[in-house]
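The values are calculated or read from the model by the stated rules, or taken from the named source; none is laboratory data. Please read all numbers here as calculations on a predicted model, not as lab measurements. Cβ coordinates were reconstructed from backbone atoms using ideal geometry, including for glycine residues, and neighbour counts include every protein chain displayed. Ligands, DNA and RNA are excluded from the accessible area calculation, which covers all protein heavy atoms including side chains. Shrake-Rupley method; radii C 1.70, N 1.55, O 1.52, S 1.80 Å.
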Amino acid sequence: MIKKFDKKDEEAGSGSNPFQHLEKSAVLQEARLFNETPINPRRCLHILTKILYLLNQGEHFGTMEATEAFFAMTRLFQSNDQTLRRMCYLTIKEMANISEDVIIVTSSLTKDMTGKEDVYRGPAIRALCRITDATMLQAIERYMKQAIVDKVPSVSSSALVSSLHMMKISYDVVKRWINEAQEAASSDNIMVQYHALGLLYYLRKNDRLAVAKMINKFTKSGLKSPFAYCMLIRIASRLLEESDKGHNSPLFDFIESCLRNKHEMVIYEAASAIIHLPNCTARELAPAVSVLQLFCSSPKPALRYAAVRTLNKVAMKHPSAVTACNLDLENLITDSNRSIATLAITTLLKTGSESSVDRLMKQISTFVSEISDEFKVVVVQAISALCQKYPRKHTVMMTFLSNMLRDDGGFEYKRAIVDCITSIIEENPDSKESGLAHLCEFIEDCEHTVLATKILHLLGREGPRTPNPSKYIRFVFNRVVLENEAVRAAAVSALAKFGAQNECLLPSVLVLLQRCMMDSDDEVRDRATFYFNVLKQKQISLNAAYILNGLTVSVLGMEKALHQYTLEPSEKPFDLKSVPLSTVPLVEQKADLAPVAGKQLGKTVPARQDIFQEQLAAIPEFKNLGQLFKSSEPIQLTEAETEYFVRCIKHVFTDHIVFQFDCTNTLNDQLLEKVIVQVEPSEGYEVVYYVPAASLPYNQPGICYTLVRLPEDESTAVSCTFNCTMKFVVRDCDPHTGVPDDEGYSDEYVLEDLEVTIEDHIQKVLKPNFGAAWDEVGDAYEKEETFALSTTKTLDDAVTNIIKFLGMQPCERSDKVPENKNSHVLYLSGVYRGGHDILVRSRLALADGVTMQVTVRSTDETPADVILAAVG
Amino acid sequence: MDAVLLDPSLYTVKAVLILDNDGERLFAKYYDETYPSVKEQKAFEKNIFNKTHRTDSEIALLEGLTVVYKSSIDLYFYVIGSSHENELMLMAVLNCLFDSLSQMLRKNVEKRTLLENMEGLFLAVDEIIDGGVILESDPQQVVHRVALRGDDVPLTEQTVSQVLQSAKEQIKWSLLR
């Protein structure tokens, strides 16, 4: 294998790679040849090729050696060999970032760029711009302007594209070339036109009017280049998206007219643009869909792929629009390109009827092992969507998913399957047993810790409530024996949940936990010991509080509170009630079924409430209010596009409410000072303090606060309306310079009323096991009352209204009303201001209207009264 | 929906690759920071090769990127762009690259001839794409601009064995075909 590659070996080489065994040092040694006179173009060319090859292979060149080679290379400019010169340009570009002092070739390049030899000019411009920085750009500006309007297309294109690159370095200089670019845009050469259009758009991007004018001009005069058309379509659709003019504008007409272009590239771009426009009606989509349908039978795989991929996107929003293509899509199922076949099937799954599901699933299973993970995820997501649509098909899906789970696949893929099975189980009680069984089987041989812990958690939650919980115990305990620490700990928690809910299993669970107390890992041992001792007490309330419904506080807040506690040691025990509650994260709709890159945002963002807590604590007047209980969503107090823009966030504390007013002044000839928002409460609330925003310049948001105290005596009257008026001192100022007058005058501005409702006093808290929590709170403060909701016509509406009105968290998925039922029970949980748990069980019955029996339990009397008073 | 419409941009191509039939890199040019280090690039190339070399379909979605490809004897050509990019534009780039090389190499688009004309490849790619922007899409123009005078190399400069070798190769491939 010892092969020294020189000329001879290359000659004898039998089809192997002559560059394979290149050594960097040897090549650099050879580069000394550049200094010989006369220059041997062929040999120098070969050496330059070797250098470029090495760079291309990712070989690292040190600054010293690169600089040395670069300087030797500059001598080659003396040769007039065309190819050699061109390779020099390439070397310059490649080495621009590695070597030092690359600017010494500036004059040589400038000479070539303005010279007679057209073959040199374009590449020389591009090489020159690669080594030019902002300070030097001025020096070559004159040449660049000339080159942009040059009649040789390659020169003009090179100058335009280089200008585009240069914009990142010096926008202001390039902006001066706009007239030249404009001239180039009317060139006959298709590429020059494309590049000029691109550059013009970049230069005018921030000026919507100019962009609109530009589009108008080009749509009228027409373009030659299909690339330029694609660019224009993109610009037009961007503009259309930003303006809310609807789709009657000439922009939309232009895009639609492109559907009749003679280039497939343009037709496809137009169809794709129409489909991606928000709020497109079925009628507007129809022509785009029909061109895509034609593409489906194209002999070119790329075109078929593009068409079916775009149809797949349409099917997500408008399944009915795609049904017309079903026949064409079915033909694509057997496509030799697996990506096309997969996309065709998933599209069909979205548009097809219930009867076709079985057949499609069978077809997928024949080739699912041949496609890439990205597409497998797409398939799984399509199945997941299908299960929601046709719940009766869950047996077919479940078998299919479990087969997929057994196959090889990466983490993303497995996670998608597990998520899908989990959601089926949650949606569909009938499928629970089989789903759990499949998952149990999966964790027997699962290499992903995250998935194993997730499944164990699910088993702990769902397993104990199945008819035969004992069969899961074996699977769970196997994990304790065989897995790593994280999984073992999760398994211990799951075991404890079985023990807490199943009397008959308790003795065996206790034995198992006792064994876990011998574990080598601290966390596992701690959990086992803790659960063992809690379970031994055999008290329902303890089980509920410590095993079934875990902590509901925000982790960040907890950390802060504990840190504070350790800093100021006191006799008092640490009070968990002083820790802010964790807000229930909004359930993110997974509508995005497109295969996206597996790059997830892994950062933990501090909860919104923790940010507010910090902001408010920084204001001295609010220091003694205690822990922030709840912050509302922002409420707009002004119409859009008025002089001043004000929105309010309500921060609720134990005995006070702070209104945070975010104000923006949209008048550029005014400076506002000492801004406060005066509030007049309708009920027994008392305004305590105003924190003004010192000054409010044009378009810079400012914040002012108003503090009110909650009424003490009449504690059930929690709702209140506040009349709001913004008061401030105006100083007129010059709209251009922003310099204000010395004198100001007072003025006020009436805002819309602000409502405080029951919702603001209750924080949503999810109790994973409502029954246990219900028993834990007990009936000490239980209140019950029956109401008739005559205006509500369906159970769904009633449920939505109640949840919205009370602002509490629905538990046990009781917010979803099963179809064709006349009665429903809604479970709600939350924490009332001050830290008292509050649970609501609301029985609903549908007759002519909806009749509702509300039962409230709480750890204190007031909250229960408040709720009933509010409902009534 | 991932309807974050593409910012209208001329930067179309993320990378151009040419691999041999073992998946080794013969040529690679990355135009943005999707794969900043050589290690990541090689891993991506390996993945791409494993997923594509057995199939002759010309398009795939990999690691969230659209990949169009084409193979010729023992060479694999790839053009890579964002998954939102117009697939046909990428295809135009791939076709232009392939057709230009095919003309320059006189239809012998295979590893050995390509390696003997690396400078031609470097120059052609440079004429087709500049920093991710499509510079030219017409193979005729590209060949014209590269203006490689491979033909005017007098026969005497080629050694006898080289001539023999290339003749042998040509016969071999014509038989294999």
Report summary line: Residues of region B:14-53 being at the interface with chain A (Cβ under 10 Å from one of its Cβ atoms), farther than 25 Å from A:Lys168 by Cα, of a type in the set (D, E, K, R) and within 14 Å of the chain's Cα centre (by Cα), in sequence order, are B:Asp20, B:Glu24, B:Arg25
Query raised in the report: Which ones in region A:517-536 are assigned to a loop (DSSP other than H, G, I, E, B), aliphatic (A, V, I, L, M) and open to solvent by less than 70 Å² (accessible area, probe 1.4 Å)?
Result: A:Met517
Report task. Please work out which residue is modelled with the highest pLDDT, limiting yourself to region B:94-119 and to residues that are open to solvent by 10 Å² or more (accessible area, probe 1.4 Å) and of a type in the set (Ser, Thr, Tyr). Result -> B:Ser102
Report summary line: Note on region A:279-320: residues within 12 Å of chain B (Cβ to nearest Cβ), in a loop (DSSP other than H, G, I, E, B) and under 23 Å from A:Ile383 (Cβ atoms) are A:His318
Report summary line: Here the residues within region A:626-640 that are within 25 Å of the chain's Cα centre (by Cα) and outside any strand (DSSP E or B) are A:Ser632, A:Glu633, A:Pro634
Query raised in the report: Residues of region A:649-669 being of a type in the set (S, T, N, Q) and either exposed (fewer than 15 other Cβ atoms within 10 Å of the Cβ) or in contact (Cβ under 8 Å) with a residue 40 or more places away in the chain (or both), which ones?
Result: A:Thr654, A:Gln660, A:Thr666, A:Asn668
Query raised in the report: Is one or more of the residues making up region B:88-105 touching a Leu at 6+ places or on another chain (Cβ under 6 Å) and under 19 Å from B:Asp130 (Cα atoms)?
Result: no
Query raised in the report: So which residues in region B:1-13 are among the aliphatic types (A, V, I, L, M) and more than 7 Å from chain A (Cβ to nearest Cβ), if there are any at all?
Result: B:Val4, B:Val13
**Report entry** Single residue of B:Leu75, B:Leu88, B:Leu114, B:Leu105 found to be more than 8 Å from chain A (Cβ to nearest Cβ), more than 16 Å from A:Arg338 (Cβ to Cβ) and in contact with a Phe, Trp or Tyr (Cβ under 9 Å, 6 or more places away or on another chain)
**Finding:** B:Leu114
Requested in this report: Being surrounded by 14 or more Cβ atoms within 10 Å (Cβ to Cβ) and more than 14 Å from chain B (Cβ to nearest Cβ) is the filter here, so list the residues in region A:27-53 that pass it.
Outcome: A:Leu28, A:Glu30, A:Ala31, A:Leu33, A:Phe34, A:Ile39
Requested in this report: Kindly indicate whether A:His60 is within 12 Å of chain B (Cβ to nearest Cβ), at pLDDT 85 or above and not in a helix (DSSP H, G or I).
Outcome: yes
Query raised in the report: Within region A:429-453, which residues are closer than 25 Å to A:Lys816 by Cα and surrounded by 18 or more Cβ atoms within 10 Å (Cβ to Cβ)?
Result: A:Ser431, A:Gly435, A:Leu436, A:Leu439
**Report entry** Residue in region A:412-422 that is modelled with pLDDT of 85 or more, in contact with a helix residue (DSSP H, G or I) (Cβ under 9 Å, 6 or more places away or on another chain) and of a type in the set (Ser, Thr, Tyr) present
**Finding:** yes
Report summary line: Restricting region A:353-372 to residues that are open to solvent by 20 Å² or more (accessible area, probe 1.4 Å) and in contact (Cβ under 8 Å) with a residue 24 or more places away in the chain, the one nearest to the other protein chains (Cβ to nearest Cβ) turns out to be A:Glu370
Query raised in the report: Counting just the residues of region A:835-858 that are over 35 Å from the mean Cα position of the chain (by Cα) and of a type in the set (Gly, Ala, Ser), which one comes out nearest to A:Glu426 (Cα to Cα)?
Result: A:Ser842
Report task. Quick one: which residue in A:Thr851, A:Thr862 is open to solvent by 50 Å² or more (accessible area, probe 1.4 Å) and either in contact with a Phe, Trp or Tyr (Cβ under 8 Å, 6 or more places away or on another chain) or closer than 20 Å to A:Ser719 by Cα (or both)? Result -> A:Thr851
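Okay, residues lined up against (1) surrounded by 16 or more Cβ atoms within 10 Å (Cβ to Cβ); (2) modelled with pLDDT under 80; (3) under 39 Å from the mean Cα position of the chain (by Cα):
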{"site": "A:Ala772", "(1), (2), (3)": "yes, yes, yes"}
{"site": "A:Glu784", "(1), (2), (3)": "no, no, no"}
{"site": "A:Ala788", "(1), (2), (3)": "no, no, no"}
{"site": "A:Lys793", "(1), (2), (3)": "no, yes, yes"}
{"site": "A:Asp797", "(1), (2), (3)": "no, no, yes"}
{"site": "A:Asn801", "(1), (2), (3)": "no, no, yes"}
{"site": "A:Pro810", "(1), (2), (3)": "yes, no, yes"}
{"site": "A:Ser823", "(1), (2), (3)": "no, no, yes"}
Query raised in the report: Under 6 Å by Cβ, and 6 or more places apart or on different chains, what pairs join a residue from region A:740-768 that is closer than 22 Å to A:Tyr698 by Cα with one that is aromatic (Phe, Trp, Tyr)?
Result: A:Tyr749/A:Tyr644
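The rows are residues; the columns are (1) of a type in the set (D, E, K, R); (2) within 24 Å of A:Ala66 (Cα to Cα).
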residue	(1), (2)
A:Met95	no, yes
A:Leu109	no, yes
A:Asp112	yes, yes
A:Cys129	no, yes
A:Gln138	no, no
A:Arg142	yes, no
A:Ser154	no, no
A:Ser157	no, no
Report task. Among the residues of region A:825-849, write down those that are in a strand (DSSP E or B) and farther than 26 Å from A:Asp760 by Cα. Result -> A:Ala845, A:Leu846
Query raised in the report: Can A:Thr757 be described as crowded, with 16+ Cβ neighbours inside 10 Å and over 24 Å from A:Ala845 (Cα atoms)?
Result: yes
Requested in this report: State whether the residues of region A:339-352 include one that is free of Cβ contacts under 8 Å to residues at least 24 places away in the same chain, open to solvent by less than 20 Å² (accessible area, probe 1.4 Å) and assigned to a helix (DSSP H, G or I).
Outcome: yes
Report task. Check A:His263, A:His276 and return the single one that is within 14 Å of chain B (Cβ to nearest Cβ), open to solvent by 30 Å² or more (accessible area, probe 1.4 Å), without any contact (Cβ under 8 Å) to a residue 40 or more places away in the chain and closer than 19 Å to B:Pro8 by Cβ. Result -> A:His263
Requested in this report: Say whether the condition of being within 11 Å of chain B (Cβ to nearest Cβ), part of a loop (DSSP other than H, G, I, E, B) and either touching a residue at least 12 places away in the same chain (Cβ under 8 Å) or more than 15 Å from A:Ala321 (Cα to Cα) (or both) is met by at least one residue in region A:240-254.
Outcome: no
Requested in this report: Looking for whichever is at pLDDT 85 or above, open to solvent by less than 40 Å² (accessible area, probe 1.4 Å) and among the hydrophobic types (A, V, I, L, M, F, W, C) here; the options are A:Leu456, A:Leu386. Which one fits?
Outcome: A:Leu456
Report task. Could you please find all residues in region B:117-135 being assigned to a helix (DSSP H, G or I) and either at the interface with chain A (Cβ under 8 Å from one of its Cβ atoms) or of a type in the set (D, E, K, R) (or both)? Result -> B:Met118, B:Glu119, B:Phe122, B:Leu123, B:Asp126, B:Glu127
